[in-house]
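**Student:** I have a structure here, written as structure tokens, and I will follow up with some questions on it.
The values are calculated or read from the model by the stated rules, or taken from the named source; none is laboratory data. This structure is a prediction, so every number in the text was calculated from the model and none was measured. Glycine gets a Cβ as well: all are built from the backbone with ideal geometry, and neighbour counts include every protein chain shown.
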Amino acid sequence: MLAGAVPFSAERARQYRAAGLWNGSTFPAMLHDSVLRRGEHVAVVDASGRSLTYRQLEHASLVVAARMRAAGVGDRDRVVLQLPNVLEFLPVLFGVFWIGAVPVFALPAHRRESIAHFVRHADAVALITVERHLRDPLGDVARAVQEELRGEGRELLVITHPEQLMEEPADGVGEELTRCAAIDAEDVAFLQLSGGTTGTPKLIPRTSDDYMLTLRLSDEICAVDQDAVYLAALPIAHNFTMSSPGVLGTLLAGGTVVVAPTPAPDVCLPLIRRERVTITALVPPMALLWARHVPQDPDVLASLRTLLIGGAKLTDAAAERIAAAMPCRLQQVFGMAEGLVNYTRLDDPLEVVLHTQGRPMSEHDEIRIVDEQDRPVPRGTVGDLLTRGPYTINGYYRAEETNRVSFTSDGFYRTGDLVRMREDGCLVVEGRSKDLINRAGEKIVAAHVEDVLLRDRRILDVLVVPVPDDVLGERVVAVLRLQGHALPADALEPAPAEVARRVRRQVRDSGLPAFCAPDECVLAGDFPMTAVGKSSRRDLRRMLARRIASAAS
Ligand code: OOB
């Protein structure tokens, strides 16, 4: 096992093997298997129409492997990938896999401090990125990190033209085909990043065995087969886009992956029509945006069968809005890079699809919902979600102290999510344990208030956040994006009095306790986003704090 990763207990590993959950397959072997079955089928195509068949993808990845090896990168070396949704992502990823090196999945939105942190923390030998992505000079960032490390006496190989890694001729192409059997499926295959909205992302060691299991289960639950055409609209290296069922689930099934440079509807909707996309995945704010842009011409989305929505809470009102607009099935996904993934099922009643976050993928997923003393709460009561299972990690990479608080002594991961389990076994996410607003001792679930407000069509989106208050401890602030009220992206301004009155009345009339009514309403241009496009409450709280501080001075 890669040093710094926390292994499964021998007993549980034995059980998972015996149950056939872990079957020893690896990513290179998966790709090779798809080549044998689907060699001439298109594996990946990008927005400009460039494409690779399975055979070409495998060959390109072997060229990348040979070049990386020649550059001195070897077995178990960590390689940070900061790649946007480009065609090269897959050949590079599999190239790194072939040589037994360990990718670390950064996202294009990560800034220099985070990239430097990943390189140091993972002790990476290489960083592969592009010169530019949208307006971000990722190449300059990579060289700045390289310089920083050089100052510490460490060398970092930086590659900012991934297409050059695929150039021929290269020596020794194909040697990995025979070596790949040596990759241990129970060892760490890559380091994923935690998606939390607080602090620096932590590194999450996932094994081939555990991740391959998630692909097989996801393919089955989402009905992904060799006819699937999956649109990667969200950042490709995020766990959701990668595996639920994502890019890798599609390659396992022998389908086609379409990579979109951004999730914007004006980019993705034409791509869906052109490539006859059958399935894609979005975070809730983006799904709401798509729902507003669904073209009048129903033919544009005729091929789309399934829209997966996950990554953040989809409120009931948002779910209803999206279901009404999108001419396809919805599936909610409540997952985490640490492991556990829940889906609503394709044959679930609409009520379940719209109002729950589904149930675990595997019957071997263990779920505990507990109170503050870690005692199980009765069915239907909200509590902290703890989980353990065949694809959930046992610890973050090189993080002993964090692991002591994030895992129980018997190996359950503390997700930080507040959930309740319905009688039918479906989970409903009520918020993050840290996101409860504590107003003079009354606990307020932000998502409940948001759900009520989103029922008003004039409200495009809303976040309800706490702001420190001398009297109340915390007061409730509703930050709104209103229809027909365009503001500069980072603007925050007090809402007109009649809007605030209407909002408060709406919350009181909904049946929520009176203390849930926002103490203050603010209008925003855009919401700050996390690297994968979830609305960031943390950044919004910071912006509000800055606004209050500057108003006071
Ligand atoms: C996915 O993974 P991460 O690691 O970026 O974020 C995990 C956290 C969860 O602990 C939860 O707080 C939140 O994101 N979350 C949801 C949710 N899906 C994720 N909260 C409410 N409802 C949902 N449907 O975000 C991720 C990984 C794999 C598949 C899908 C999402």
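**Student:** I need the full set of residues from segment 389-419 which are surrounded by fewer than 19 Cβ atoms within 10 Å (Cβ to Cβ), assigned to a loop (DSSP other than H, G, I, E, B) and in contact with an Asp or Glu (Cβ under 8 Å, 6 or more places away or on another chain), in order please.
**Tutor:** Hit for segment 389-419 is Thr408, nothing else.
**Student:** Does segment 411-435 hold any residues that are more than 13 Å from the ligand (Cβ to nearest atom) and either over 16 Å from Tyr343 (Cα atoms) or in contact with a helix residue (DSSP H, G or I) (Cβ under 6 Å, 6 or more places away or on another chain) (or both), and which are they?
**Tutor:** Across segment 411-435, the qualifying residues are Gly411, Phe412, Glu423.
**Student:** Also: List pairs: first residue in segment 179-194 and within 14 Å of Tyr211 (Cβ to Cβ), second residue of a type in the set (Asp, Glu) and buried (at least 18 other Cβ atoms within 10 Å of the Cβ) anywhere in the structure, Cβ distance under 7 angstrom, at least six positions apart or on different chains.
**Tutor:** Ala185/Asp209; Glu186/Asp209
**Student:** Pick from segment 290-320 the residues that are assigned to a helix (DSSP H, G or I) and more than 16 Å from the ligand (Cβ to nearest atom): which of them is nearest to Met529 (Cα to Cα)?
**Tutor:** Trp290
**Student:** Determine which member of the set Ala116, Ala106 is out of contact with any Gly (no Cβ under 6 Å at 6 or more places or on another chain), touching a residue at least 24 places away in the same chain (Cβ under 8 Å) and within 25 Å of Ala29 (Cα to Cα).
**Tutor:** Within the list Ala116, Ala106, the selection yields Ala106.
**Student:** Can we say Gly311 is of a type outside the set (A, V, I, L, M, F, W, C) and buried (at least 24 other Cβ atoms within 10 Å of the Cβ)?
**Tutor:** Yes: the conditions hold for Gly311.
**Student:** Could you run through segment 246-257 and say how many residues are under 25 Å from Leu314 (Cα atoms) and either away from the ligand (no atom under 16 Å from the Cβ) or touching a residue at least 60 places away in the same chain (Cβ under 8 Å) (or both)?
**Tutor:** Summing the residues that are under 25 Å from Leu314 (Cα atoms) and either away from the ligand (no atom under 16 Å from the Cβ) or touching a residue at least 60 places away in the same chain (Cβ under 8 Å) (or both) in segment 246-257 gives 2.
**Student:** Cβ-Cβ distance below 7 Å, separation of 6 or more or different chains: which pairs start in segment 225-242 with a residue that is aromatic (Phe, Trp, Tyr) and end on one that is part of a loop (DSSP other than H, G, I, E, B)?
**Tutor:** Filtered contacts from segment 225-242: Tyr230/Gly255; Phe240/Leu234; Phe240/Gly311.
**Student:** Output the residues belonging to segment 322-332 that are within 12 Å of the ligand (Cβ to nearest atom) and surrounded by fewer than 24 Cβ atoms within 10 Å (Cβ to Cβ).
**Tutor:** Of everything in segment 322-332, those that are within 12 Å of the ligand (Cβ to nearest atom) and surrounded by fewer than 24 Cβ atoms within 10 Å (Cβ to Cβ) turn out to be Leu330, Gln331.
**Student:** Then there's this: Do the conditions hold for Arg379, that is, is it within 16 Å of the ligand (Cβ to nearest atom), farther than 18 Å from Arg206 by Cα and more than 22 Å from the chain's Cα centre (by Cα)?
**Tutor:** No.
**Student:** Continuing with this model, one more query. Could you pull out the residue among Ala281, Ala237 that is in a strand (DSSP E or B), of a type in the set (A, V, I, L, M) and within 12 Å of the ligand (Cβ to nearest atom)?
**Tutor:** Ala281
**Student:** Can you name every residue in segment 509-553 that is among the acidic types (Asp, Glu), in a helix (DSSP H, G or I) and either more than 16 Å from the ligand (Cβ to nearest atom) or touching a helix residue (DSSP H, G or I) at 6+ places or on another chain (Cβ under 9 Å) (or both)?
**Tutor:** Result: Asp509, single match.
**Student:** Let me ask something additional. Picking from Arg458, Arg475, Arg505, Arg501, which residue would you name as being modelled with pLDDT of 90 or more and under 30 Å from the mean Cα position of the chain (by Cα)?
**Tutor:** Answer to the check: Arg458.
**Student:** Quick one: Leu386 ticks every box in (1) away from the ligand (no atom under 13 Å from the Cβ); (2) of a type in the set (A, V, I, L, M); (3) not in a loop (DSSP other than H, G, I, E, B) bar one, so which box is it?
**Tutor:** Every listed condition holds for Leu386 apart from (1).
**Student:** Take the residues in segment 388-432 that are of a type in the set (Lys, Arg) and within 19 Å of the chain's Cα centre (by Cα), then tell me which one is modelled with the highest pLDDT.
**Tutor:** This residue is Arg414.
**Student:** Name the single residue that is farthest from Val92 (Cα to Cα) among those in segment 175-193 being aliphatic (A, V, I, L, M), at pLDDT 95 or above and touching a Lys or Arg at 6+ places or on another chain (Cβ under 8 Å).
**Tutor:** Per the criteria, the residue is Val188.
**Student:** Test Thr214 against the criterion of being of a type in the set (Val, Ile, Thr) and surrounded by fewer than 22 Cβ atoms within 10 Å (Cβ to Cβ), and give yes or no.
**Tutor:** Here the answer is no, as Thr214 does not meet what is asked.
**Student:** From the list Gly249, Gly255, pick out the single residue that is of a type outside the set (Val, Ile, Thr), more than 20 Å from the chain's Cα centre (by Cα) and surrounded by 23 or more Cβ atoms within 10 Å (Cβ to Cβ).
**Tutor:** Among Gly249, Gly255, only Gly255 is of a type outside the set (Val, Ile, Thr), more than 20 Å from the chain's Cα centre (by Cα) and surrounded by 23 or more Cβ atoms within 10 Å (Cβ to Cβ).
**Student:** Output the residue which, of all residues in segment 149-174 that are of a type in the set (Gly, Ala, Ser) and modelled with pLDDT under 95, is nearest to Ser61 (Cα to Cα).
**Tutor:** Of everything passing the filter in segment 149-174, Gly174 is nearest to Ser61 (Cα to Cα).
**Student:** Okay, moving on. Identify the residue in segment 92-138 that is aliphatic (A, V, I, L, M) and under 17 Å from the mean Cα position of the chain (by Cα) and, among all such residues, is farthest from Arg179 (Cα to Cα).
**Tutor:** Ala109
**Student:** Could you tell me whether Thr408 is of a type in the set (Ser, Thr, Tyr), closer than 19 Å to Asp374 by Cα, touching a Ser or Thr at 6+ places or on another chain (Cβ under 7 Å) and in contact (Cβ under 8 Å) with a residue 24 or more places away in the chain?
**Tutor:** no
**Student:** Let me ask something else about it. Just checking: which of the helices (runs of 4 or more DSSP H) contained wholly in segment 51-133 hold 3 or more residues that are more than 18 Å from Leu156 (Cα to Cα)?
**Tutor:** 54-70, 89-98
**Student:** Quick one: would you say Ala287 is within 14 Å of the ligand (Cβ to nearest atom), under 19 Å from the mean Cα position of the chain (by Cα), assigned to a helix (DSSP H, G or I) and closer than 25 Å to Gln483 by Cα?
**Tutor:** Yes: the conditions hold for Ala287.
**Student:** Let me ask something additional. Restrict the check to segment 75-91 and report whether at least one residue is surrounded by fewer than 19 Cβ atoms within 10 Å (Cβ to Cβ), more than 23 Å from Leu193 (Cβ to Cβ) and over 25 Å from the mean Cα position of the chain (by Cα).
**Tutor:** Among the residues of segment 75-91, not one is surrounded by fewer than 19 Cβ atoms within 10 Å (Cβ to Cβ), more than 23 Å from Leu193 (Cβ to Cβ) and over 25 Å from the mean Cα position of the chain (by Cα), which makes the answer no.
**Student:** Further question on the same structure: When you check Pro261 against the structure, is it assigned to a loop (DSSP other than H, G, I, E, B), of a type outside the set (Phe, Trp, Tyr) and at pLDDT below 95, yes or no?
**Tutor:** No: the conditions fail for Pro261.
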